[in-house]
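The values are calculated or read from the model by the stated rules, or taken from the named source; none is laboratory data. Worth saying up front: this structure is predicted, and the values here are computed from it rather than measured. Ideal geometry is used to build each Cβ from the backbone, glycine not excepted, and the neighbour counts take in all protein chains shown. Just the protein is used for accessible areas: all its heavy atoms, side chains included, with ligands, DNA and RNA removed. Shrake-Rupley method; radii C 1.70, N 1.55, O 1.52, S 1.80 Å.
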Amino acid sequence: MKGKCLIFSAPSGSGKSTIVQWLTSEHPELNLVFSISATSRPPRGTEQHGVEYFFLTPEEFKAKIEANEFLEYEEVYTDRYYGTLKSQIESELEQGKNVIFDIDIKGGINVKKHFGERALSLFIQPPGVEELRRRLVGRGTDTAEQIEIRLAKAEYEMSFASEFDKIIVNDDLDAAKAETLKAISEFLNKN
Ligand code: 5GP
């Protein structure tokens, strides 16, 4: 049987990646695999080609856009492209794997449109802008100005929550994990 798609999108600082990593490491029975996206940004830290992303030059990325090789792509930041390669996803689904997408909001909405009933789209929502500010300050990786830019973006992004199949409010991580697991298990057990 062909696999299904699980789409995770969220404003930044929502805890989305923590939940996704927990699912893939602690729940092998769900038969999950990450969708590895392509990007034209350079690798950070220990990131490797074919592990976190397929790292392409902007020229290589644009050539693949021309060749219609992407299921969806976005210019998330100026001259920074991110996209999902059709070839990558199809082979995983054919093998019966359930593919997790950790993807920006527009991309998430597009992937859901493409797969319809074969996909469950989840919006991981931080509790509110003030709490998000507190978390970003606590994380200590952004300047005050960057934090304000991120918050403005988050506020805008939260307006898309209703376009997703399910909203998971992450004000308590354990509760959010449990709610996510329940939603996914039900979806995967359905025909
Ligand atoms: P980062 O550079 O921090 O790895 O990712 C930046 C943003 O790009 C995140 O919001 C991430 O969800 C988004 N992203 C990663 N892969 C894809 C993709 O294949 N398509 C789209 N539309 N966004 C992606």
Q. In region 35-69, how many are assigned to a helix (DSSP H, G or I) and either within 12 Å of the ligand (Cβ to nearest atom) or crowded, with 16+ Cβ neighbours inside 10 Å (or both)?
A. 2
Q.
Suppose we filter region 94-114 for residues that are of a type outside the set (A, V, I, L, M) and within 8 Å of the ligand (Cβ to nearest atom); how many remain?
A. 7
Q: Go through LYS166, LYS177 for me and flag whichever is more than 14 Å from LEU6 (Cα to Cα), surrounded by 12 or more Cβ atoms within 10 Å (Cβ to Cβ) and of a type outside the set (Asp, Glu).
A: LYS177
Q. Taking the stated definitions as given, is SER159 open to solvent by 20 Å² or more (accessible area, probe 1.4 Å), within 14 Å of the ligand (Cβ to nearest atom) and polar (S, T, N, Q)?
A. no
Q) Exactly one of (1) assigned to a helix (DSSP H, G or I); (2) more than 14 Å from the ligand (Cβ to nearest atom); (3) of a type outside the set (Gly, Ala, Ser); (4) in contact (Cβ under 8 Å) with a residue 60 or more places away in the chain is unmet by GLU117. Its number? A) (4)
**Q.** Pick from region 125-150, criterion in a loop (DSSP other than H, G, I, E, B) and either touching a His at 6+ places or on another chain (Cβ under 9 Å) or open to solvent by 70 Å² or more (accessible area, probe 1.4 Å) (or both), ranking: farthest from VAL169 (Cα to Cα)
**A.** THR143
Q: Tell me, please, whether a residue that is among the hydroxyl-bearing types (Ser, Thr, Tyr) and buried (at least 18 other Cβ atoms within 10 Å of the Cβ) can be found in region 24-32.
A: no
Q: Determine if region 173-189 includes at least one residue that is closer than 14 Å to PRO126 by Cβ and modelled with pLDDT under 95.
A: yes
Q: Among the residues of region 82-99, write down those that are open to solvent by 30 Å² or more (accessible area, probe 1.4 Å) and either under 30 Å from GLN146 (Cα atoms) or in a helix (DSSP H, G or I) (or both).
A: TYR82, LYS86, SER87, GLN88, GLU90, SER91, GLU92, GLU94
Q. In region 12-23, how many residues are open to solvent by 30 Å² or more (accessible area, probe 1.4 Å) and either without any contact (Cβ under 8 Å) to a residue 24 or more places away in the chain or in a loop (DSSP other than H, G, I, E, B) (or both)?
A. 2
Q. Looking at this structure, is ASN189 of a type outside the set (A, V, I, L, M) and under 16 Å from SER9 (Cβ atoms)?
A. no
Q. Are there any pairs with C-beta distances below 8 angstrom linking a residue in region 25-48 that is closer than 25 Å to GLU59 by Cβ to a residue that is more than 10 Å from the ligand (Cβ to nearest atom) and part of a loop (DSSP other than H, G, I, E, B), with the two at least 6 apart or on different chains, and if so which?
A. ILE36/GLY50; ILE36/VAL51; ALA38/LEU56; THR39/LEU56; SER40/LEU56; SER40/THR57; SER40/ASP79
Q. Which of the residues that make up region 70-93 are more than 8 Å from the ligand (Cβ to nearest atom) and of a type in the set (A, V, I, L, M)?
A. LEU71, LEU85, ILE89, LEU93
